Amino acid sequence: MAEPLIELKGVSKSFGNNVVLDQVDLTIYRGEALAVIGPSGTGKSTILRIIAGLLAPDSGEVFVQGQRREGLVDDAQDPIGIGMVFQQAALFDSLTVDENVGFLLYQHSSLPSRHIRELVNQKLEMVGLPGISSRYPAELSGGMRKRVSFARAIMSNPDKPSDTPEVLLYDEPTAGLDPIASTVIEDLIRALQSKAGGCSTYVMVTHQDSTIRRTADRIVFLYKGKVQWEGTVDEIDSTDQPLVRQFFSGSIHGPIQVVG
């Protein structure tokens, strides 16, 4: 397969007495679209935060482009940029779209404001939202806020190319959206994978059947803190793995324990 970009080796994480990840191995390859799926509360978002360097594992190792990460993302710079799109978009309500998308450049670069506004407008066009830079998040629909968060995640600093995201992490990108808005987001995720200035590699956590089938190439199924199955989207309907069969059928009968 293509070159490994990120590797998790024997990664474990607990919160109190709750073991969320248990000796997980995971490899992310350059240019692939990976979905991490499974029932709620099985550590999917925790994996994203560990990959992003926002959360440290209790044990195990994280390698980014072959380099072992020590500590968190603020402790030492990774050899590649990793962007993250949060489930609730995580925009600053008091800032305009322009200020949200260009936040890091306004705060941490020496670029003139005019140049930053030009870069922001380029990214907004890429996500299909030209001409909205002066609006505030409260003036946008849920789908539009998601797309603004995408524009922010792929923002790059021309003075510091090493910060340009090579991997995007999506945490439930279509959660809370109607089917049409979800389709718009799914199409955009795929489009950004192939566009110049987008991001060719991504990892996604999602529960939605359509999002899994339309945006993923490879799937990792996580349950009880362990990787229980790996396969392609084409194998979803042919596998005999009982966890996968139950998950996609929505049945309450099977090895996945239904809480409540």
Pairs of lysines 8 or more apart, or on different chains, with alpha carbons under 18 Å: count those in the chain, would you? 11
Considering only segment 130-260, what is the antiparallel percent among its DSSP beta bridges, to the nearest 5? 55
Where both residues lie in the chain, what percent of DSSP beta bridges are antiparallel, nearest 5? 55
Rh (Kirkwood; distinct C-alpha pairs) - the chain, Å: 19.1
Name the most mobile residue of Pro165, Pro137, Pro242, meaning the one with the largest mean-square fluctuation, in a Gaussian network model of the chain with Cα contacts below 10 Å. Pro242
Net charge near Glu125 (other residues with Cβ under 12 Å of its Cβ; Lys, Arg +1; Asp, Glu -1) is +2
Quick check: residue separation of Glu235 and Ser94 times 0.36 nm, minus the Cα distance between them. What number comes out in nm? 46.2 nm
Helix 179-194 sits off the longest principal axis of the Cα atoms of the chain, rounded to the nearest 10 on a 0 to 90 degree scale, by 80
Rounded to the nearest 10, the angle in degrees between the Cα long axis of helix 142-153 and the longest principal axis of the Cα atoms of the chain comes to 80
I need Arg114, Arg213 ordered by Cβ neighbour count within 10 Å, fewest first. Arg114, Arg213
Would you calculate the separation in nanometres between label points at Gln23 and Arg114, each defined as 7 Å from the Cα along the Cα-to-beta-carbon direction? 6.1
Within the chain, helix-based [θ] at 222 nm, where runs of 4 or more DSSP H residues each add -39,500 (n - 2.57), nearest 500: -8500 deg cm²/dmol
Given a cut-off of under 8 Å on Cα pairs at least six residues apart, what relative contact order in percent is computed for segment 114-260? 15
Between the residues Ile132, Ile50, Met84, the Cα farthest towards the positive end of the dipole of segment 39-178, that dipole coming from +1 and -1 charges on the beta-carbon of Lys, Arg, Asp and Glu, is from Ile132
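Coordinate-derived values only; no laboratory data. All values reported here derive from a predicted model rather than from experimental measurement. When we count neighbours, we look across all protein chains shown, and the Cβ atoms used for this are built from the backbone with ideal geometry, even at glycine.
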